[in-house]
Amino acid sequence: MTEDTTFFPKHQISAVVLAGGQSSRLGSDKSFLLMEDQPLVAHTVRKLAVLSDDLIVVTNDPARYKPLALPVRLVPDEKPGVGALMGIYSGLKAVHHSQALIVACDMPFLNLSLLRYMLPLAGGHDIVIPRLGEFLEPLHAIYTKACLPAIACLLEQGRRQITAFFHEVRVRYVEAGEIDRFDPDHLSFINVNTPQDWDRVQALIGKQQKPTSLRHLDSG
């Protein structure tokens, strides 16, 4: 599948990559899986750099990422070990723009055409989020700083479900029919949680690789 790589001016929007997961089911750090001979987190940052001039990676291990020399600011969770909602909160507090595109680090098939379609939809809304049937994609969404008070309230209550505050803000759902115009196979939302997931990614990019032979930047 090809996508539109035509040059567009960068939007007044920040981009945040969440790299704070434990990768427990994968057995190794998903951020450093190699895709197109670069760590997956670098592959993600390279795509988002086309859209934004303010890039952040949320990580509690910045020393691990500094050697990559990514054009990003490294931001830790305000409270480590709380989950993705804390990552969204920490990244959103740190961004320079009022809106931020927030994605997980383990989404190898981010679609620039779909993301460009989503960006202007944020006008008049606090969240722009894809919805496929009953399923939402909260780690492939746009959030504004207006979400911060509601997120802070959830975190203070010890609640971690990302969508639990959506009823308090203005949400624009991007429905399947809209998504299909740019990404009919919904590859944008594939993420890597297990060796089998990574094997599927390798198959999709035409490189067969067994789950037991995961390559990493730091594996030599």
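Structure above, values below:
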item	result
Single condition PRO120 does not satisfy, out of (1) within 23 Å of VAL45 (Cα to Cα); (2) at pLDDT 95 or above	(2)
Qualifying residue in segment 180-192 (condition: surrounded by 15 or more Cβ atoms within 10 Å (Cβ to Cβ), touching a Ser or Thr at 6+ places or on another chain (Cβ under 8 Å) and over 25 Å from ALA49 (Cβ atoms))	no
Extreme residue, surrounded by the fewest Cβ atoms within 10 Å (Cβ to Cβ), among residues of segment 132-145 that are over 13 Å from SER188 (Cβ atoms) and in contact (Cβ under 8 Å) with a residue 40 or more places away in the chain	GLY133
Looking only at segment 111-131, and only at residues there that are of a type outside the set (A, V, I, L, M) and under 13 Å from TYR173 (Cβ atoms), the one that is nearest to the chain's Cα centre (by Cα)	PRO130
Failed condition for GLU178, given (1) part of a helix (DSSP H, G or I); (2) under 15 Å from LEU85 (Cβ atoms); (3) touching a helix residue (DSSP H, G or I) at 6+ places or on another chain (Cβ under 8 Å)	(2)
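The values are calculated or read from the model by the stated rules, or taken from the named source; none is laboratory data. These numbers were taken from a predicted model, which means no experiment stands behind them. Here Cβ is always computed from backbone atoms with ideal geometry, including for glycine, and neighbour counts include all displayed protein chains.
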